[in-house]
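Visitor: I'd like to ask you about the structure that follows.
Just so it is clear, none of the values below were taken in a lab; they were calculated from the coordinates. Remember, predicted model here, so these are calculated numbers, not experimental data. Every residue, glycine among them, receives a Cβ derived from its backbone with ideal geometry; neighbour counts consider all protein chains shown.
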Amino acid sequence: MTPQVSVVIPVFNEQDNIDPLIAETVAALDAMAFEIVCVDDDSDDRSLQVLQELQSRHPQLRVLHHRTRSGQSTAVRNGIKAARGAWIATLDGDGQNDPADIPKLLAARAAAAPQVKLFAGWRVDRQDSGSKRWASKWANAIRSRMLRDETPDTGCGIKLFERAAFLDLPYFDHMHRYLPALMQRAGWQTVSVPVSHRPRTSGVSKYNNLQRALAGISDLRGVAWLIRRSKLTAIDELGQGG
């Protein structure tokens, strides 16, 4: 059966968070046809082994493994390319996103116009450190001013979008942080949906504020350039003689 939604989860050194996250995802989507595609980004811990063990309990789980570490955006994109559903939901592998919010995003899709191809999670009550929240607020303000994407929280890991629309976007490292702007550049509409956020219970964050800032400056300039250079053209298909 073709999945109604494919849940893609990038995983890097999250051996203690994966088991409960998969169980919660299965419980949240039990009423529909779905699959979970986890992409292990060449973890140093037992993440890959845990994922393989979980397959015996959860037949909906598919496991992909990067032979070399390639980063979160590549993991997400490879999971989406392998997915069988026409719509993709993404979650971070650290367990801070609540899978119970996926049905909320699906409900928002059902009520939206066909031109809306992305439903982005908006963490209204972030459970991160004060410095991380401050850095994110600063980065969101700068991004919003430069890209005018009207999105309050592009860094939230939980999103729902059309697979075909995503695969038509330009690919680059860290692109997952700019999906609203990239979707709008392609001519689609986006909607932000309030979602819950949870504190990390195990493991450590894979980025620090300085790393995010340095990568963000270069990426932001690149996305702004893409938007300036883009051109959307309406197309009519004509029959013979007209």
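Visitor: Those residues that are closer than 25 Å to Ala86 by Cα, part of a loop (DSSP other than H, G, I, E, B) and more than 21 Å from the chain's Cα centre (by Cα), I need them from region 31-55; list them, please.
Guide: Residues satisfying the conditions are Ala31, Gln55.
Visitor: Would you please list the contacts, defined by Cβ atoms under 9 Å and residues six or more apart or on different chains, that run from a residue in region 229-242 that is surrounded by 10 or more Cβ atoms within 10 Å (Cβ to Cβ) to a residue that is part of a helix (DSSP H, G or I)?
Guide: If the second residue must be part of a helix (DSSP H, G or I), the pairs left are Ser230/Arg185.
Visitor: In addition: Quick one: in region 51-80, of everything that is closer than 16 Å to Leu179 by Cα and hydroxyl-bearing (Ser, Thr, Tyr), which residue is surrounded by the fewest Cβ atoms within 10 Å (Cβ to Cβ)?
Guide: If we take residues in region 51-80 being closer than 16 Å to Leu179 by Cα and hydroxyl-bearing (Ser, Thr, Tyr), then Ser73 is surrounded by the fewest Cβ atoms within 10 Å (Cβ to Cβ).
Visitor: Looking only at region 14-50, count how many residues are of a type outside the set (D, E, K, R), surrounded by fewer than 17 Cβ atoms within 10 Å (Cβ to Cβ) and in contact with a helix residue (DSSP H, G or I) (Cβ under 9 Å, 6 or more places away or on another chain).
Guide: 4
Visitor: What pairs come up if the first residue lies in region 32-46 and is closer than 18 Å to Arg57 by Cα, the second is of a type in the set (Lys, Arg), and their beta carbons are under 8 Å apart, counting only those six or more places apart or on different chains?
Guide: These pairs meet every condition: Glu35/Arg62; Glu35/Arg84; Ile36/Arg62; Val37/Arg62; Cys38/Arg62.
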